[in-house]
1. Only one of (1) modelled with pLDDT of 90 or more; (2) surrounded by fewer than 24 Cβ atoms within 10 Å (Cβ to Cβ) is not met by Arg149, so which one is it?
2. Given the structure, is Leu279 under 15 Å from the mean Cα position of the chain (by Cα), assigned by TED's automatic domain parsing to the domain that holds Ala231 and surrounded by fewer than 24 Cβ atoms within 10 Å (Cβ to Cβ)?
3. Give me a count of the residues in the range 21-35 that are closer than 20 Å to Arg92 by Cα and crowded, with 24+ Cβ neighbours inside 10 Å.
4. Quickly run through the range 22-53 and pick out the residues that are of a type in the set (A, V, I, L, M, F, W, C) and touching a residue at least 60 places away in the same chain (Cβ under 8 Å).
5. Check Asn125, Asn132 and return the single one that is touching a residue at least 24 places away in the same chain (Cβ under 8 Å), within 22 Å of the chain's Cα centre (by Cα) and in a helix (DSSP H, G or I).
6. In the range 248-268, is there at least one residue being surrounded by fewer than 24 Cβ atoms within 10 Å (Cβ to Cβ) and on the phi > 0 side of the Ramachandran plot?
7. Only residues that are surrounded by fewer than 21 Cβ atoms within 10 Å (Cβ to Cβ), under 20 Å from Trp191 (Cα atoms) and either modelled with pLDDT under 90 or not charged (D, E, K, R) (or both): list them for the range 222-238, please.
8. I'd like to know if the range 103-117 contains one or more residues that are part of a loop (DSSP other than H, G, I, E, B) and either closer than 22 Å to Gly269 by Cα or at pLDDT below 95 (or both).
Amino acid sequence: MSPRTIVFAAGGTAGHIEPALAVAKEWRRRFPSDECIFIGTQEGLENTLIPQSGFALKNITKVVMPRRLDLDLITFPLHIWKSVRQARRISRGASLIIGFGGYVSASAYLAGRQEKIPLVIHDSNAKIGWANRLGSYLTKNLAVSREVRDSRFSNATVTGLPLRADVQEAITQSESDWAGARLSAKKTMGWETAPHTLLILGGSQGSFWLNNEIASVLPQLQEMNISILHAVGAKNSLPASTGNYRAVSYIQDMASAYLAADLVISRSGAATCSEIEALGRFALFIPLSIGNGEQALNAKNLVDSSRATIVSQKSFSGQWLLSNLPALLAKVHSVPMNGLSDDRDAARKIANMMESAMKKEGM
């Protein structure tokens, strides 16, 4: 078989990039001679995560869908035209384009249509974003992490969400002895003597608002004898780590952090929800208040299985956390030790779809 080029459209946040990387690694395992190229933008995390994983990255102009009547709406057609033209140059001659939503995907989909390249789309969120809704008119090769009841994705193949390699490996290593795996992770994190452990995440970019709320009650939290790991985000200032509180810009060993945590406080991005579902204990989700409302829906599986609760950003505050933390920590004891995951075969299923799409087009 002659080497082929596969184009991955995934950029912006880790929620788009990590699933795409998991699929790219599966594809590289199957077809090591194929070239996998990622399309991104200059501003996103792809500029760090993708080169670190050994894949080529080519950037195009970032295009944001205007949400109100202003100058951006007038200039949008020019920006999308420029971005599509750039994506066409990158994807010309490719055997397949696969997109995961986000800023670059709409341009990649339109470029693929113009270049007559087979297209596969995967959406990880419970509510489909505008780029993937657009793409659904250009292909029937649609996949979702969880069943979607509306839009053209209601007939999409349910594959699960491709997990990061460290989370996937942690599932395999933990499933024979979850209690032992959690104890080992606590030792790795230096938490083995802590009565309770708390992991605070603000999403791949961090949350300035959440960081401030935690800072406002940090002395009281420290008095509660809880070991706390707080990922503040690379773009936010790093607070001092004192006593039982440790602040980091980015957590390198996320699998151990999930396994060791009794309670996770987090945004509810699709990838984060799947990782917590796979390895976490109990979660308090504070959905991002902007976007198209998908974060409020992503945590449904965990809430339905009594492994999470949701509070709106409007209702949450540092004082709210102090008042409710004892009850949240009490729920940890009622949660089974094992993780839950329907996602371990997601990358394989999506790669199968990619092969099928190319065969249908004779590629």
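The values are calculated or read from the model by the stated rules, or taken from the named source; none is laboratory data. Owing to the predicted nature of the structure, the values given are computational and were not obtained by experimental measurement. We place every Cβ from the backbone using ideal geometry, glycine too, and count neighbours over all the protein chains shown.
1. (1)
2. Details: under 15 Å from the mean Cα position of the chain (by Cα): yes; assigned by TED's automatic domain parsing to the domain that holds Ala231: yes; surrounded by fewer than 24 Cβ atoms within 10 Å (Cβ to Cβ): no.
No; evaluated as a whole, the condition is false for this residue.
3. The qualifying residues number 1.
4. Taking the range 22-53 as the starting set, the residues that turn out to be of a type in the set (A, V, I, L, M, F, W, C) are 22-24, 27, 31, 36-39, 45, 49-50.
Passing the criteria: Ala22, Val23, Trp27, Ile39, Leu45.
5. Asn132
6. no
7. Gln222, Met224, Asn225, Ile226
8. The answer is yes; a qualifying residue exists.
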